[in-house]
Structure formats: structure tokens, C-alpha cells
1. Compute the Cα gyration tensor for the range 163-291, then decide on rounded, prolate or oblate, letting a ≥ b ≥ c be the square roots of its eigenvalues: rounded whenever a/c is under 1.5, prolate when a/b is larger than b/c in the other cases, and oblate in all that remain.
2. Sort the following peptides by mean Cβ neighbour count (other Cβ atoms within 10 Å, averaged over residues), highest first: 45-58, 91-104.
3. What Rg and what Dmax come out for the chain when only alpha-carbon atoms are used, in angstroms?
4. Give the percent of DSSP beta bridges with both residues in the range 178-313 that are antiparallel, rounded to the nearest 5.
5. Among PHE247, HIS41, LEU219, which residue has its Cα furthest toward the positive end of the charge dipole of the chain, with +1 on Lys/Arg Cβ and -1 on Asp/Glu Cβ?
6. Ranked highest first by average number of other Cβ atoms within 10 Å, how do 289-302, 339-352 line up?
7. Arranged from highest to lowest average of other beta-carbon atoms within 10 Å per residue, in what order do the peptides 236-244, 205-213 appear?
8. Which links in LYS25/LYS211; LYS258/LYS363; LYS39/LYS214; LYS59/LYS304 stretch past 30 Å when you go from one Cα to the other?
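The values are calculated or read from the model by the stated rules, or taken from the named source; none is laboratory data. Keep in mind the model is a prediction, meaning the values are calculated, not measured. Because the Cβ atoms are built from the backbone with ideal geometry, glycine has one as well, and the counts that use them run over all protein chains shown. Accessible surface is based on the protein model in full, side chains and every heavy atom, while ligands, DNA and RNA are left aside. Shrake-Rupley method; radii C 1.70, N 1.55, O 1.52, S 1.80 Å.
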Amino acid sequence: MDNSYAEHDPLTWDTLMQSINNLIKHIEETQWLIYIYIKDHLMDESPEIMHLLMFTYLKIRTQEPSLLNSLMLGQAVRMSHIHEEFPLDTFVREWGYPAMLRKEDICDTFNGSCTMPSLKVRTEEAILLHSMRRSSTCPDGSTATTMIAVKIHSKPNQTLLWAGVTLMDSYGNSIMAPATLFPVAIGDIQHGIFEVKTSHNAQSRVTDITKSEKQLEDLVPPIVGYVESFDTRHGHYHIYDSLSRHFVADHPHISLNKSDYVMFCPMIPVSSSFKSAVPIRVIEPEEGRRAFGCLDAYVSYIDKDRGFLHYIITSEIASTPEGVISNEGFAPLSCLSDSNRVPEVNDTIRIVVILKRKANGKKGNHVVEIIY
């Protein structure tokens, strides 16, 4: 897909969400759909939705200079003028400015008798304006941000009263705060939503925390994931999304089981590779498969005695931020969704597959379910 996709029918929110939840089959198309939705709805959609879409794009885009990346930076500049609270400085940093600029983004363009400033010039002017607004917004040098408590930290033999809590906003910025600052019981902190006031002196720190009335789904759009395993030692679940990104759900408030499909809010930090998941609800297997995305394949070899088969994928395979799924591989028969129905050679199957790090340190195909 390229910028010719600009000629399009009106794009609905439901269509965009369906595309985001099924990224594995059309990741490039989804990136363009996010751009189109932002371009078309920037003036009439809520600022929170626009902000979340901008940062969702950053998490799934191709990490190299491209027309689409430049178009999205242009939308970020435009958004910063319309929604003053948009964290342009964070977006620009995560976008990769200025290294990700193309040659075309550095030169001014001419349109008849008018000169259009380059994307580079427009971005730097917007950053300066954003900085001026931010410094004048809070005369006392502080600001309040809606944040989610993603993890409680405590050392051995340390009471939870003196524990530290990692808070993260919907853009991936995080900060640590002592549990004593929270206005709720220690058991109600995890995955709670709070208004966090921080100082902006030489060392930013939390000065006050109050409970927020906002809903988690309004801050971070939920996506579908697969519960791959449970860590009994640490009490957390390992969840993968359709892009093979790995998330950890630490002591969730809902009951989860291995092999569940779950709607969760992805918490992806700016400065760390450790991603957290806040599960919302478990969904039915067939609904989960549709949303997560299955790949069509056929059985090229099967060994029922040893309990495995070899498959060859016939669906189109899209690249992901974690790599590219191989078009063939082995899978244990224990992954069959119905153990009473075992395929034969040349039978068509559907597989749910993710990329997972192997013993050799490299990521490879990991089939979690075979549907026959």
C-alpha cells in the first residue's frame, strides 16, 4: 500500500479497530489506516483517541525513513497546534527525530509564488512552541498526568507499606512512587488509574496522587492477546499479541488460564523493553482466534507416535516488529484445539503462531494452537 490509498471510502472507527486487532495479516495497511483516520478526524475526534492512535502507530511502524513515517510526523506537528496537551516532545523523540528524516523532509518546497517550510523547520518550530506552552502551564513547576499503576515492587522482608510502585501514562512515560502516597489500600493499587502530580525540577518526583475517574479503555485501546504461560514463581502471566510482542500481566484482577484469549491494555514503556499487560476480560476461543489471526497451512508430515507434525503455511505472511514468521515448521499435536480430531498428511489446518525466543537466543515459530 502507498499514498495512493488516500483515495478511500470514509474510514470508520470499527473498521480501524478491526484492522489493529488483526495486525498479523496486514500490518502495513493498518499503519496507513491509522494515518488516514487521524488525517480525516483530527478536528472532530477526541484528543485522547488521537493521541493514542499516534503512539499506537509508533509501536507497529517500520523503523526506517519512509513517506508514511514523514506523513505521521507532519500529523503530529498539526496535532500539537490543535491539541496543546499533545506530548509532541515525547512523540518526536520516539519517532527518531532527526535521524529518521528523508532528504525531502529537509528542503523547503515551492508552490507557485509560495514557499512551504520543510517538515524539519515545521517540526522544530512546533517543538519550541510546545516547550513554551508547557513551561507556562504550571506556574509552580508541576503538572498532573493520568497514569496506571503497572507494577508494585518490594524487596524481600520488606512490608508492602514501604513498597515502590511503577506508574505509566498512556504514552509509555513512567515514574516510580512510594506506596504511601496512594489514596487507596495497597491491594487496590495494582492496575489502578490515578492522577499523578509531579515536580519538574532537576529531579522529577511524585508530589501527590489522587484516584482518577477515567476508564482504562479510554486511555489505552485494548487489543487481543494469547496467554502463553504462567510463571508460578513470580505470579505473573506471559501474554503475546498478534505481532508476537511479549507482555507480562503481573497479578491481574481477573482469573486467567494458560491458552486463554484475552482482551488487554498494552502498557509499552518508552525507556524499557519490558511490556506490561492489564487484562480486561477473557474472550471465547473462536472470537479470540478471529481477532488474533489464524494462518492457513497444510500438513506435509505427521508422526502420531512421537506427537508432532510438520506444516507449510499457505497464507500471506506479514513482517512484524519482532521479525518474520517462517513459512514452515514443526508443531506438537498437543496444540490441537480438539485432541479427538487428528489431521492427516495434506489436510488443511489453521494455526495460531507467534515468534518466541528459542534456546539458541533467536526468535522462531512457536505454534500455540492447531485448528482442524
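1. prolate
2. Peptide ranking by packing, descending: 45-58, 91-104.
3. 22.9, 77
4. Counting only bridges with both partners in the range 178-313, antiparallel ones make up about 95 percent.
5. It is PHE247.
6. Sorting 289-302, 339-352 by mean packing, highest first, produces 289-302, 339-352.
7. Descending mean neighbour count gives 236-244, 205-213.
8. LYS25/LYS211; LYS59/LYS304
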